[in-house]
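The values are calculated or read from the model by the stated rules, or taken from the named source; none is laboratory data. Bear in mind the structure is a predicted one, so any value in this text is a computation, not a measurement. Because the Cβ atoms are built from the backbone with ideal geometry, glycine has one as well, and the counts that use them run over all protein chains shown. Only protein heavy atoms, including side chains, enter the accessible area calculation; ligands, DNA and RNA are left aside. Shrake-Rupley method; radii C 1.70, N 1.55, O 1.52, S 1.80 Å.
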Amino acid sequence: MEAALEFLTKFLTQFQSPTLAFLLGGIVIAALGSRLEIPEAVYKFIVFMLLMRVGLDGGMSIREANLADMLLPALFAMLIGCGIVLLGRYTLALLPSVRTEDGIATAGLFGAVSGSTLAAAIVVMESEGIEYEHWAPALYPFMDIPALVLAIVLASMYLKRKDGSVEKVRVWPIVKESLQGSALSALLLGIALGLLTRPEAIFEGFYDPLFRGLLSVLMLVMGMEAYARLAELRRVAHWYAVYAALAPLVHGLIAFALGYVAHVLVGFSPGGIVLLAVLAGSSSDISGPPTLRAGIPTANPSAYVGASTSIGTPVAIAIGLPLYIWLAQTLIVG
Amino acid sequence: MEAALEFLTKFLTQFQSPTLAFLLGGIVIAALGSRLEIPEAVYKFIVFMLLMRVGLDGGMSIREANLADMLLPALFAMLIGCGIVLLGRYTLALLPSVRTEDGIATAGLFGAVSGSTLAAAIVVMESEGIEYEHWAPALYPFMDIPALVLAIVLASMYLKRKDGSVEKVRVWPIVKESLQGSALSALLLGIALGLLTRPEAIFEGFYDPLFRGLLSVLMLVMGMEAYARLAELRRVAHWYAVYAALAPLVHGLIAFALGYVAHVLVGFSPGGIVLLAVLAGSSSDISGPPTLRAGIPTANPSAYVGASTSIGTPVAIAIGLPLYIWLAQTLIVG
Amino acid sequence: MEAALEFLTKFLTQFQSPTLAFLLGGIVIAALGSRLEIPEAVYKFIVFMLLMRVGLDGGMSIREANLADMLLPALFAMLIGCGIVLLGRYTLALLPSVRTEDGIATAGLFGAVSGSTLAAAIVVMESEGIEYEHWAPALYPFMDIPALVLAIVLASMYLKRKDGSVEKVRVWPIVKESLQGSALSALLLGIALGLLTRPEAIFEGFYDPLFRGLLSVLMLVMGMEAYARLAELRRVAHWYAVYAALAPLVHGLIAFALGYVAHVLVGFSPGGIVLLAVLAGSSSDISGPPTLRAGIPTANPSAYVGASTSIGTPVAIAIGLPLYIWLAQTLIVG
Amino acid sequence: MTRQATKLVIITEQLLLRDIARIVESSGATGYTVTPANGKGSRNLRSSGQPTASGAFANVKVEVITASEALARRIADEIAGKYFDNFSGIAYLDQVDVLHAKHL
Amino acid sequence: MTRQATKLVIITEQLLLRDIARIVESSGATGYTVTPANGKGSRNLRSSGQPTASGAFANVKVEVITASEALARRIADEIAGKYFDNFSGIAYLDQVDVLHAKHL
Amino acid sequence: MTRQATKLVIITEQLLLRDIARIVESSGATGYTVTPANGKGSRNLRSSGQPTASGAFANVKVEVITASEALARRIADEIAGKYFDNFSGIAYLDQVDVLHAKHL
Ligand SMILES: Nc1ncnc2c1ncn2[C@@H]1O[C@H](COP(=O)(O)O)[C@@H](O)[C@H]1O
Ligand SMILES: Nc1ncnc2c1ncn2[C@@H]1O[C@H](COP(=O)(O)O)[C@@H](O)[C@H]1O
Ligand SMILES: Nc1ncnc2c1ncn2[C@@H]1O[C@H](COP(=O)(O)O)[C@@H](O)[C@H]1O
Ligand code: NA
Ligand code: NA
Ligand code: NA
């Protein structure tokens, strides 16, 4: 009871944090018909700045990290990415009003990772003083790529079975396509530069100090976007909305549980567990959609993009993130 | 005599302040044919950043402000906005070489408010250490919207009388159109976020530290723009140039006088008076023109945009601003 | 021997500096096919920010500088700019597989100056604590413009002799065209504002703190660009690649020697010598190419832009810069 | 499939885009395409006070492909009648052969 | 020189640009031109999850001028066959007179 | 009003825009429209050293509608003669029916 109250308080305070406040602000002004626009060039640059910041930080801490500590979390990240897709394949995609390939694509997008949700989690955790392994964001591709690949493979298998075709799906082009996307490129470049070079001065003098502020602008865009996509979502089966509301939390909690296992086995920190849960609970907004459009062309993007952008991301940030933090503080630290 | 000298000194020093220096620099390089360009995406983002900064600051201080203190200034802001339009309607718009609807539109634009001039005033005041009510920028819409609405209503009445039509002008769509514009949206969103949430960290770590520097870039754009529009202004009656040179100062001084009344009655600060005068003396550069194009389609934008951008804004910043500061320091503080 | 080892160490450490690391990072991700993109609007704005920062700094220090100290370096800068072009005219441009006008244009581009290489040098020198005359960047136009003008004049003379025409080349339009370009405009505006106004506050609060970080982004773009142009370079004679690899160092060393003369005669600082060598070793990437396209329309831009962007700039930054710093520390300071 | 169709092109101020899109959508046309444009015509009104110094595209080019020329003309007339007295604008028709389209 | 030629216009999702460019380049056409576009058609799929709130151009208009109409049709058929079932897209032909071109 | 007219289209390097605009303006044409473009043609010169990695539009498409075809040809010939030997560029004509225009 008291715990629930505590969560509620944390949850409501969260709404006053800049991260969530700008997200909601974006939804509200879009709903009111505002013509405010953050230009595409600025939006793209902000995404670059955030992922470069996260990557540099990750790379610099991998330098000092014990590589063995990263193995189990990385393995779990892969398992989670694949698990989410399989879960969606055998729940959402089997519903009668849902076209199978649309359901698989949606599961793929929710298995993949959102850079902006990750950035939001880092900002909130740092402002609350929660410690975490700074290499944890490097788990991103371990979850993201397997999820997208598996979704595309499952969809192809399904469609081929329907057609009676026997061609094999080639995995490497999908992996390459993912790695070359702008989000993963920036993150991995940041990791490489952080690991191999000495970017401390510009990290501390440029990328890090601008991080929170730029995130607030990005959250505004995500909010406006969430509202703009609602119309698209309304045109597809209601099940997508239900899935989009529940899946982030289910995925996050599964990841939380696995993270806890890593905590017990290899001392993965509570903050690291929260980040793992956030990665799992997030759904890709930048690089996932084009990869899926190319990989599962017959799937309807209004279903998966609408579900992810309009409901999935707001739920992941507004409910998931405070939930995992509260759980970590209550169950582990407390 | 001494006072005049003092003003002259202040006035000339002002030309060395980055705000004015970049404005003049912009005029000069445009006149010299420079191909320097601040991309549109950057320009739009800077405007967003400045208005968000001003709005957040306003919202945070409204939290602690006594709402009663704001009533009289807000009422005066509305009166000033409407008064400026009426003044223009019965002076400029009646001149024989000025088409009535062009004159009314011009008066509307000068009654409306410029976000960049407001930002310039805040930077100058803060760098000179002049205190002001931080909620004062929230007076912006109280002056801006009534001025635009009244100008459109007056023009419609005039045009309908000419046509013999009896249709009524609908006010709400104009108000809504104004509020949805990018400038007011950003300002009001900032105020709401400042008032309802806890943006202190990003205000102090991002929006505020970038404020002055971004303003210098915006001033450069405004200077280049002022020069670019001179050609347009030359094609319309000379009265627009005369109006554009005098109106900012006349409007500013009227507002200064009303601000002084608020000073006596409810203790409105000298800095607040200066800001009220700046709002009045400024002419809209972002949201006013499209609202007027839509609302008074037959008016010639070369007249009103040319007058405002080429002469009105430079006069408001270069002469009006130091004048009001000097007046405040001489008459009130001194 | 020991000295060479020392240089090698300096050279290898250099690869870990953010400046060079981001340049190489850009080359690598472009080679890997990344779709990461720094939008054009952002790229243009960064160039503006860097040159404005360099210009403001230069202008503020000219205020306190002894003008006489600047005369000799300025004269040397002009001589170097012209000397580089003449050198190219009578080596590269005479090679049998090189079209004469292509060779002259290439020499012109290498005689001209790169704002981004200059910015990179300043960042590296400041982070290594090397003192220099802060007005030294003002030498930029003294080298850049004569080089471009001379190249265009030589090419015209050559082409006219071939045609038997006797029209005279007009120099002033070329100078004006150069001065009006976006890079020189920004630099000169910065110098003027630094000299005539009081921009200290925004210099220290905005332009300077963002300098290093923005440079890292620009280096990334330059790296991606270097890779993208390699294909173009491959289509032209191999001599361009040879020239592009050697010329930056030859030019830099010549300038170093002249700078040393100025050191002895008027006390030009070791840091100033390094900057002079960097200016000479750099090849223009922003304003030079369009000036040359307009001035020597028959020259093939794939030759000169390819040579400069793909090889010249990376060599100038990765090898030239640490070489000059090492020379200055070994020969002069040491 | 090859189908003769009429392409209506309207070049006008960016400011009017929302209104023009509404007119086209309610006209029964099956779609439209918008590209950014800049231009110079008889008058040189600037629509918005948007900086000219920042290289913005102040005009738009709207293309509407219709199976019936009459529909294209109706759309053009409605837009021109409503706006072209006070706003920059030009409208013209071109004959094209549509090869692939979902509807028309 | 004045030479009758066929202009093929394809308006489709930005996402497909790389693939379409590859098809055009390997078709034997001598060149192509791409302009940014936005549009509304029979379905309104958004291609990329790219923010609609940031005024991005989500479509492209690709124009290919060919001396032979048959080549233009072949290119259109290949692109439409491969993509237009699942992606937004329209393709049409226009007859033009080429005045100056390096090849054609 | 429906008036047959000629549309001249010139696709060339952004770098030349100022010069081309000057030629068109002094030719007696009543206006022109510019759209950003990218393209690939016989040579692939890049005009400006402007980053290709930043998605910039390096070409422009200039459209000039003229009442007289002869004027359109004159403009095309002047531009092609002056620039197309050394710069990327293509010029073609299209016949259109102008429905609404302030002048023509
Ligand atoms: N003769 C023309 N050729 C091409 N475009 C034109 C022409 N006349 C006008 N336009 C375009 O139509 C817009 C409006 O023209 P106007 O209403 O005459 O100012 C201009 O900004 C141009 O983009
Ligand atoms: N009738 C039309 N007129 C002009 N453009 C169209 C039309 N129909 C479709 N388009 C363009 O083609 C794209 C794809 O159409 P669709 O495949 O029908 O969604 C749209 O986004 C528009 O840009
Ligand atoms: N066959 C073509 N179809 C469409 N556009 C072309 C064609 N050939 C050339 N272009 C355009 O014209 C520009 C210049 O062509 P070029 O001078 O051949 O390099 C190219 O960049 C393209 O934008
Ligand atoms: Na996920
Ligand atoms: Na005003
Ligand atoms: Na040089």
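The rows are residues; the columns are (1) surrounded by fewer than 19 Cβ atoms within 10 Å (Cβ to Cβ); (2) more than 26 Å from D:Leu93 (Cβ to Cβ).
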| residue | (1), (2) |
| --- | --- |
| F:Thr2 | yes, no |
| F:Ile10 | no, no |
| F:Leu15 | no, yes |
| F:Arg18 | yes, yes |
| F:Val24 | no, no |
| F:Ala29 | no, no |
| F:Tyr32 | no, no |
| F:Lys40 | yes, yes |
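Only one of the numbered conditions (1) open to solvent by 30 Å² or more (accessible area, probe 1.4 Å); (2) assigned to a helix (DSSP H, G or I) is violated by C:Glu37, and that is (2).
Scanning segment B:300-318 for residues that are surrounded by fewer than 24 Cβ atoms within 10 Å (Cβ to Cβ) and farther than 12 Å from B:Ala244 by Cβ turns up B:Asn300, B:Ser302, B:Ala318. Within segment E:4-36, restricting attention to residues that are assigned to a strand (DSSP E or B) and without any contact (Cβ under 8 Å) to a residue 40 or more places away in the chain, the residue that is nearest to ligand 4 (Cβ to nearest atom) is E:Pro36. Output the residue which, of all residues in segment A:116-134 that are within 13 Å of another protein chain (Cβ to nearest Cβ) and open to solvent by less than 10 Å² (accessible area, probe 1.4 Å), is farthest from ligand 5 (Cβ to nearest atom). Residue satisfying both the conditions and the ranking: A:Val124.
Working only within segment C:3-29, note down all residues that are within 10 Å of chain A (Cβ to nearest Cβ) and closer than 17 Å to A:Phe48 by Cβ. Listed by number, the residues that qualify are C:Pro18, C:Ala21, C:Phe22, C:Gly25, C:Gly26, C:Val28, C:Ile29. For segment E:45-52, the count of residues that are open to solvent by 40 Å² or more (accessible area, probe 1.4 Å), touching a Ser or Thr at 6+ places or on another chain (Cβ under 7 Å), facing another protein chain (nearest Cβ under 7 Å) and at pLDDT below 90 is nonzero.
Let's see how each residue does on (1) of a type outside the set (A, V, I, L, M, F, W, C); (2) away from ligand 6 (no atom under 16 Å from the Cβ); (3) within 14 Å of chain B (Cβ to nearest Cβ):
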site	(1), (2), (3)
A:Arg212	yes, yes, yes
A:Leu246	no, yes, no
A:Phe256	no, yes, no
A:Ile273	no, yes, no
A:Gly281	yes, yes, no
A:Pro289	yes, yes, no
A:Arg293	yes, yes, no
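The set of residues in segment C:2-34 that are touching a residue at least 60 places away in the same chain (Cβ under 8 Å), surrounded by fewer than 21 Cβ atoms within 10 Å (Cβ to Cβ) and in a loop (DSSP other than H, G, I, E, B) contains only C:Phe15.
Confirm whether C:Ala74 is surrounded by fewer than 21 Cβ atoms within 10 Å (Cβ to Cβ), over 12 Å from the mean Cα position of the chain (by Cα) and modelled with pLDDT of 95 or more. When the stated conditions are applied, C:Ala74 passes them.
Remark: C:His251 falls outside the filter, which requires a residue to be away from ligand 2 (no atom under 16 Å from the Cβ), over 30 Å from C:Tyr132 (Cβ atoms) and more than 14 Å from every other protein chain (Cβ to nearest Cβ). Determine, yes or no, whether A:Leu87 is surrounded by fewer than 23 Cβ atoms within 10 Å (Cβ to Cβ), out of contact with any strand residue (DSSP E or B) (no Cβ under 8 Å at 6 or more places or on another chain) and not charged (D, E, K, R). The answer is yes for A:Leu87.
Scan segment A:89-140 for residues that are more than 21 Å from A:Ala192 (Cβ to Cβ), among the hydrophobic types (A, V, I, L, M, F, W, C) and not in a helix (DSSP H, G or I) and jot them down. Within segment A:89-140, A:Leu95, A:Val98, A:Ala112, A:Ile130 meet the criteria. The one condition from (1) within 14 Å of another protein chain (Cβ to nearest Cβ); (2) within 30 Å of B:Gly205 (Cα to Cα) that B:Gly33 does not meet is (2).
Residue-wise test of (1) at negative phi; (2) touching a residue at least 40 places away in the same chain (Cβ under 8 Å); (3) surrounded by 15 or more Cβ atoms within 10 Å (Cβ to Cβ).
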| site | (1), (2), (3) |
| --- | --- |
| B:Ala136 | yes, yes, yes |
| B:Leu148 | yes, yes, yes |
| B:Val175 | yes, no, yes |
| B:Glu200 | yes, yes, no |
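Count of segment D:86-104 residues, restricted to those that are within 12 Å of chain E (Cβ to nearest Cβ) and β-branched (Val, Ile, Thr), is 2.
Let's see how each residue does on (1) under 30 Å from C:Ile38 (Cβ atoms); (2) modelled with pLDDT under 95:
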{"site": "C:Arg235", "(1), (2)": "yes, yes"}
{"site": "C:Tyr260", "(1), (2)": "no, no"}
{"site": "C:Leu275", "(1), (2)": "yes, no"}
{"site": "C:Gly281", "(1), (2)": "yes, no"}
{"site": "C:Ile286", "(1), (2)": "yes, yes"}
{"site": "C:Ala299", "(1), (2)": "yes, yes"}
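It is to be established whether one or more residues within segment B:40-56 are open to solvent by 30 Å² or more (accessible area, probe 1.4 Å) and in contact with an Asp or Glu (Cβ under 9 Å, 6 or more places away or on another chain).
For segment B:40-56, residues open to solvent by 30 Å² or more (accessible area, probe 1.4 Å) and in contact with an Asp or Glu (Cβ under 9 Å, 6 or more places away or on another chain): present.
Scanning segment C:253-299 for residues being closer than 18 Å to C:Trp326 by Cβ, open to solvent by 10 Å² or more (accessible area, probe 1.4 Å) and of a type outside the set (Val, Ile, Thr) gives a total of 7.
So that you can scan it fast, the table gives a plain yes or no per residue for (1) more than 14 Å from every other protein chain (Cβ to nearest Cβ); (2) in contact (Cβ under 8 Å) with a residue 24 or more places away in the chain:
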residue	(1), (2)
A:Pro39	no, no
A:Val47	no, yes
A:Arg63	no, yes
A:Leu72	yes, yes
A:Phe76	yes, yes
A:Cys82	yes, yes
A:Pro96	yes, no
A:Asp102	no, yes
A:Ile145	yes, yes
